[in-house]
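The values are calculated or read from the model by the stated rules, or taken from the named source; none is laboratory data. Small disclaimer: the values here were computed from a predicted structure and weren't measured. Because the Cβ atoms are built from the backbone with ideal geometry, glycine has one as well, and the counts that use them run over all protein chains shown.
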Amino acid sequence: VSPPPRVTSPQQVIEQAEASLLDLVDNVLNKGVVVTGDIVLAIADVDLVYVRLSALLCAADRLLPPRK
Amino acid sequence: VSPVYVYALLDARTSGALPSGLQGERLRTVQRAGLVAVIGDVAKAPEVEAAALRAHDATAVAVAEGAGAVLPARFGAVLEDEAALARFLDDHEGPLREALQLVRGCRQMTLRLSSVSGRANALPPAPPPEESAARPGTAYLEARAAREPHNDPRVRAVVAPLEGLVRATRVEGHSHPPLVASVYQLVPIDRLDDYRAALAAVTRRSPDVHVSPSGPWLPYAFAPGLA
């Protein structure tokens with residue numbers, strides 16, 4: 001028998017551990033000086049990761065129950 | 001010729017010892033056009049993962065310890081060699097120096113504002129045509145200005161009381177409720193405690209909006225082209 005799943009509300013996720021990761025991602029992948037030149041790294045890979053994370057975080061926002 | 005990874009730009013050489021880089025490489029500085037870049041020689045670009053993002057930020061923070069003005073670089077760009085970095089610094093000297101002047105002695109606080117009522121937007125809708133017919137251009141511009149995220153009354157209620165404690169504010173509106181806006185504020189390091197106290201008072205008397213603060217961060221949101 002598997003243990004009951006731990007229930008964590010989206011609000012808890014956003015306000016606790018994930019909040020710091022969200023801020024980290026926002027700062028480090030979406031802000032900061034964009035150093036351009038003869039770039040070796042495929043920047044598209046970084047952008048793709050950011051787009052995926054943004055979609056995930058937006059999806060978490062939509063899971064929030066409406067407040068009365 | 002070795003690829004270089006850029007961690008941060010400074011206005012003067014950092015006084016403390018430099019930390020190690022993402023791949024354990026020894027960091028060094030390159031001075032060019034009145035700017036100082038803190039770089040590491042790397043064999044390849046870092047993988048995009050949470051640990052690497054944290055390490056990038058932690059490295060930039062450690063570099064900032066001995067510097068007065070720091071602009072952190074965005075994660076992930078590896079330049080072909082030092083000559084490419086020199087060209088970048090030459091091409092962007094003016095905006096970079098202006099940004100360094102702005103952020104000197106400051107850290108960034110980030111406020112995520114979400115609506116308690118769940119409403120996405122408290123801003124006035126566009127005026128109906130009959131009201132704007134007399135001076136349509138002016139009416140259009142006024143209505144557009146009123147819909148800017150920094151004019152949202154919920155954002156104003158949080159930002160206005162903090163204005164005396166910050167050097168600059170940047171607001172990004174969000175279209176996914178309940179998120180209303182992200183507010184980035186540049187706070188002098190010696191005013192951070194005052195800022196936190198003022199923010200606590202502001203959040204206690206702002207019933208329409210929930211404020212999730214984080215920071216202090218390096219001034220990522222005040223890089224040239226963003227602020």
note = The correct count of residues that are more than 7 Å from chain A (Cβ to nearest Cβ) and either buried (at least 20 other Cβ atoms within 10 Å of the Cβ) or in a strand (DSSP E or B) (or both) in the range B:167-178 is 6
key: Residues located in the range B:4-51, provided they are among the hydrophobic types (A, V, I, L, M, F, W, C), out of contact with any Gly (no Cβ under 9 Å at 6 or more places or on another chain) and over 23 Å from B:LEU96 (Cβ atoms)   = B:ALA43, B:ALA50, B:ALA51
query = Which of the residues that make up the range B:197-226 are more than 30 Å from B:GLY68 (Cβ to Cβ), hydroxyl-bearing (Ser, Thr, Tyr) and not in a helix (DSSP H, G or I)?
reply = B:SER206
query = Restricting attention to the range B:148-165, which residues are buried (at least 20 other Cβ atoms within 10 Å of the Cβ) and not in a helix (DSSP H, G or I)?
reply = B:ASP152
note = Residue count, the range B:52-85, condition within 10 Å of chain A (Cβ to nearest Cβ), assigned to a helix (DSSP H, G or I) and either touching a Gly at 6+ places or on another chain (Cβ under 8 Å) or exposed (fewer than 15 other Cβ atoms within 10 Å of the Cβ) (or both), comes to 4
ask   = Are there any pairs with C-beta distances below 7 angstrom linking a residue in the range B:179-197 that is farther than 17 Å from B:VAL209 by Cα and within 14 Å of chain A (Cβ to nearest Cβ) to a residue that is surrounded by 21 or more Cβ atoms within 10 Å (Cβ to Cβ) and among the aromatic types (Phe, Trp, Tyr), with the two at least 6 apart or on different chains, and if so which?
value = B:LEU186/B:PHE222
query = Mind checking which residues of the range B:1-35 are assigned to a strand (DSSP E or B), in contact with a Pro (Cβ under 7 Å, 6 or more places away or on another chain) and without any contact (Cβ under 8 Å) to a residue 40 or more places away in the chain?
reply = B:LEU27
message = Tally up the residues in the range B:42-51 that are in a helix (DSSP H, G or I), over 13 Å from A:SER20 (Cβ atoms) and touching a helix residue (DSSP H, G or I) at 6+ places or on another chain (Cβ under 7 Å), please.
response = 0
remark   = In the range B:86-110, anything assigned to a helix (DSSP H, G or I), at pLDDT 95 or above and buried (at least 23 other Cβ atoms within 10 Å of the Cβ) is listed as B:ALA99, B:LEU100, B:VAL103
message = Return the pair list, or none, for Cβ contacts closer than 7 Å from residues in the range B:95-119 that are under 30 Å from B:ARG13 (Cα atoms) to residues that are loosely packed, with under 14 Cβ neighbours inside 10 Å and not polar (S, T, N, Q), at least 6 apart or on different chains.
response = B:ARG97/B:GLY34; B:GLY105/B:ILE189; B:CYS106/B:ILE189; B:ARG107/B:ILE189
